[in-house]
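What follows is one structure encoded as structure tokens, with my remarks underneath.
The values are calculated or read from the model by the stated rules, or taken from the named source; none is laboratory data. Here the structure is a predicted model, which means the values were calculated and not measured. Note that each Cβ is placed from the backbone with ideal geometry, even for glycine, and that neighbours are counted across all protein chains shown. These area figures cover heavy atoms from the full protein model, side chains too; ligands, DNA and RNA do not enter into them. Shrake-Rupley method; radii C 1.70, N 1.55, O 1.52, S 1.80 Å.
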Amino acid sequence: LHSTFVIFSFFAQSFPYALTSNLQQAYNEVFKLKINSARQILAKEKSKNPGSAFVLYIENYADMVTLLVSDNKQLYDQMALNQDKRLELLADFPSNSPYQRFFQAEIRLQWAFVKLKFGKEVSASWDIIKAYRLLDENAQKYPDFIPTYKSLGLLHVLIGSTPQNYQWVAKLLGLKGNIPQGLREIQTVIQKEPLFDSEAKLIEILLHSYVLKYSEKQNAELLQLIRSQPDNLLLHFFGTTISMKDGRGEQALQILNQRPVGAAYFAFPFLEYLKGEILLQKSEYEEARIHLNTFLRQYKGQNFLKDTYLKL
């Protein structure tokens with residue numbers, strides 16, 4: 001915590017880009033899927049410092065996690081206007097700080113992930129393009145501002161991994177991909193930015209799992225990251241899905257069984273689906289049936305329903 005405050009010590013507390021201990025706690029709570037706790041902290045912080053850009057950023061982060069986890073279309077329709085509201089507010093914040101473009105880009109990128117989930121591919125694509133341009137401009141103007149490279153590194157890897165026959169589209173839109181550069185940028189965040197290091201570690205592991213090559217090195221890093229935060233439900237979820245994707249069923253089941261539980265965490269019925277799927281693969285049919293039926297009772301979204309009935 002002290003090292004984070006050293007990084008941000010050049011901001012006075014009244015400055016709109018100041019990071020307080022409460023805001024850091026709220027960010028950490030969202031990353032652990034303790035959404036209610038995070039929103040309570042943010043509400044108190046807004047009453048004390050209504051002009052905080054960090055509040056807008058963490059509120060948006062909480063919205064993204066809520067929508068991706070719940071998969072609730074009705075909730076998406078209610079929250080969709082929040083993107084433009086926050087971007088309009090950020091447009092009035094001081095532009096002589098790298099935080100303005102960083103937060104604008106992060107909000108666009110977070111909503112792009114949400115829109116892709118809910119089938120809004122065209123709007124999501126424009127948000128990704130605009131986020132890339134904001135982050136690239138930030139890197140040009142403020143090359144020593146480390147947070148930029150968390151998402152810019154991610155985009156550099158994703159664009160760099162685009163099949164060769166589609167590369168002309170990226171070039172036409174001014175998007176430049178470079179996998180080694182992107183991985184170096186993410187490593188820089190891991191090593192030098194204590195606020196975002198865990199998120200950057202997770203991004204690096206996810207990229208290796210879904211885009212690049214996942215090896216024993218990445219698997220060891222995944223297990224170490226989960227062990228370092230036993231109360232982080234989000235890490236246990238990704239640890240489970242990554243393990244399943246890599247054919248590590250026993251490891252996936254162990255991570256899932258060790259996940260933190262309780263009312264403090266956002267409801268995540270999809271974990272019941274995952275457990276049912278793992279047990280089905282292990283031929284433990286009665287146990288699998290229990291978890292798949294629990295998923296159907298608790299889940300409010302539309303995805304995976306046909307697949308669940310098929311498995312049953």
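The table that follows gives values for the structure above.
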read-out	value
Failed condition for Ala170, given (1) open to solvent by less than 30 Å² (accessible area, probe 1.4 Å); (2) at pLDDT 90 or above; (3) of a type in the set (A, V, I, L, M)	(2)
Filter result (among the small types (Gly, Ala, Ser) and open to solvent by 40 Å² or more (accessible area, probe 1.4 Å)) within segment 245-268	Gly247, Gly262, Ala263, Ala264, Ala267
Yes/no for Ile242 being touching a residue at least 12 places away in the same chain (Cβ under 8 Å), in a helix (DSSP H, G or I) and over 18 Å from the mean Cα position of the chain (by Cα)	no
Residues located in segment 88-104, provided they are among the hydrophobic types (A, V, I, L, M, F, W, C) and in a helix (DSSP H, G or I)	Leu89, Leu90, Ala91, Phe102, Phe103
Filter result (open to solvent by 80 Å² or more (accessible area, probe 1.4 Å) and touching a residue at least 60 places away in the same chain (Cβ under 8 Å)) within segment 269-303	Lys300, Gln302
Residue count, segment 138-150 (criterion: part of a helix (DSSP H, G or I), within 17 Å of Asn178 (Cβ to Cβ) and open to solvent by 10 Å² or more (accessible area, probe 1.4 Å))	3
Answer residue from segment 70-107, given it is polar (S, T, N, Q) and over 18 Å from the mean Cα position of the chain (by Cα) and is nearest to Leu56 (Cα to Cα) among those	Gln100
Members of segment 205-227 found to be touching a helix residue (DSSP H, G or I) at 6+ places or on another chain (Cβ under 8 Å) and either more than 29 Å from Ser283 (Cα to Cα) or loosely packed, with under 14 Cβ neighbours inside 10 Å (or both), listed by number	Ile205, Leu207, His208, Tyr210, Val211, Leu212, Ser215, Glu221, Leu225
Leu33 vs. criteria in contact with a helix residue (DSSP H, G or I) (Cβ under 7 Å, 6 or more places away or on another chain) and on the phi > 0 side of the Ramachandran plot	yes
The listed residue being part of a helix (DSSP H, G or I), among the hydrophobic types (A, V, I, L, M, F, W, C) and more than 15 Å from the chain's Cα centre (by Cα), out of Ile205, Ile226, Ile186	Ile226
Segment 37-87: number of residues that are assigned to a loop (DSSP other than H, G, I, E, B) and either surrounded by fewer than 16 Cβ atoms within 10 Å (Cβ to Cβ) or touching an Asp or Glu at 6+ places or on another chain (Cβ under 9 Å) (or both)	4
Selected residue [assigned to a helix (DSSP H, G or I), open to solvent by less than 10 Å² (accessible area, probe 1.4 Å) and closer than 26 Å to Leu81 by Cβ] from Leu134, Leu109	Leu109
